[in-house]
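Dropping the structure in here first, questions after.
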Amino acid sequence: MPSLVLKDTHRPSAPRLASFKPGRACRHALALLVLCAAGAAQASECSTAKPEPFEDFYSRFSADTAFAQSRTVLPLLTRRWYDDDWLEYADEPETVWVAREAYVQRPSVASESRARHLAPVIKPVAANAVSVELRDARYSASQALFFKLDGGCWRLWRVDEYVAW
């Protein structure tokens, strides 16, 4: 009795994408192309002639850690107040310079805010400066992020933290 199994004898002339396995050189070239395209896209997003809107910037900054790292002045100036010193505006907070190696380990602002139940409060400080206070349910600030407009692009340049004992 003849077999009822049909065999597909049509073979595509070009290799399938799923079976394509680039060599090491090709992978490096592709990675370089992606990095160049990302750099060009970032450079074209803002300029002195066309500053980026803060809301658009912050939405991406808070969710995308790679973008946040590219838009942070490092080492990052971080001032810490302990206990209730933040509310008292202590004269001498602890000053820490956060190095790139430590900064890249941080989660995104959005994920940290969700985990700690913090809501952002955006406050213009000047024409080219904005602060974002991350507040808890009691509306107490636990962290403030300070951004400045530099060449039409927003950059994080300082963080103030309230650390409860």
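The values are calculated or read from the model by the stated rules, or taken from the named source; none is laboratory data. Please read these numbers as outputs of a predicted model, since none were measured by experiment. Counting neighbours? That spans all protein chains shown, and the Cβs are built from the backbone with ideal geometry, glycine included. SASA here: full protein model, heavy atoms, side chains in, ligands and nucleic acids out. Shrake-Rupley method; radii C 1.70, N 1.55, O 1.52, S 1.80 Å.
Take the solvent-accessible surface of the protein heavy atoms, probe 1.4 Å, and return the percent of it on region 111-153 that carbon and sulfur atoms account for. Each step should come with its number before you reach the end.
Numbers: 1310 of 2370 Å².
Of the solvent-accessible surface of region 111-153, carbon and sulfur hold 55 percent.
Provide the FRET efficiency to the nearest 0.05 for the Ser47-His117 pair, computing r from the beta carbons and using R0 = 25 Å. Could you put the intermediate results ahead of the total?
Values: r = 37 Å, r/R0 = 1.48.
About 0.10, to the nearest 0.05.
On to the next question. How far, in nm, would the chain grow between Thr95 and Ser108 when pulled straight, counting 0.36 nm per residue and subtracting the alpha carbon separation?
Details: separation 13, 0.36 × 13 = 4.68 nm, distance 2.21 nm.
Difference between extended and current length: 2.5 nm.
At 1.4 Å probe size, put Leu156, Leu77 in order of accessible surface, largest to smallest.
So the residues, ranked largest to smallest area, are Leu77, Leu156.
Let me ask something additional. Using a cut-off of under 19 Å, list every residue of region 144-158 whose amide N is near the label point 7 Å from the Cα of Ala127 along the Cα-to-beta-carbon line.
The answer is 147-155, whose backbone nitrogens lie closer than 19 Å to the label point.
Efficiency by 1/(1 + (r/R0)^6): what FRET value for Arg158 and Arg138, r their Cβ-Cβ distance, R0 = 35 Å, to the nearest 0.05? All intermediate terms of the calculation are to be shown ahead of the outcome.
On the way: r = 24 Å, r/R0 = 0.69.
In this case the efficiency is close to 0.90.
Sticking with this one: Scan around Arg158 for amide H atoms under 5 Å from its own, H built in the peptide plane at 1.01 Å from N, and keep only partners 5 or more places away or cross-chain.
Phe146
May I pose another question? Sort 92-99, 129-136 by packing, meaning the average of other beta carbons within 10 Å per residue, with the highest value first.
129-136, 92-99
Another one. Might you work out the accessible area of Phe146 for me, using a 1.4 Å probe with all protein chains in place, and round it to the nearest 10 Å²?
40
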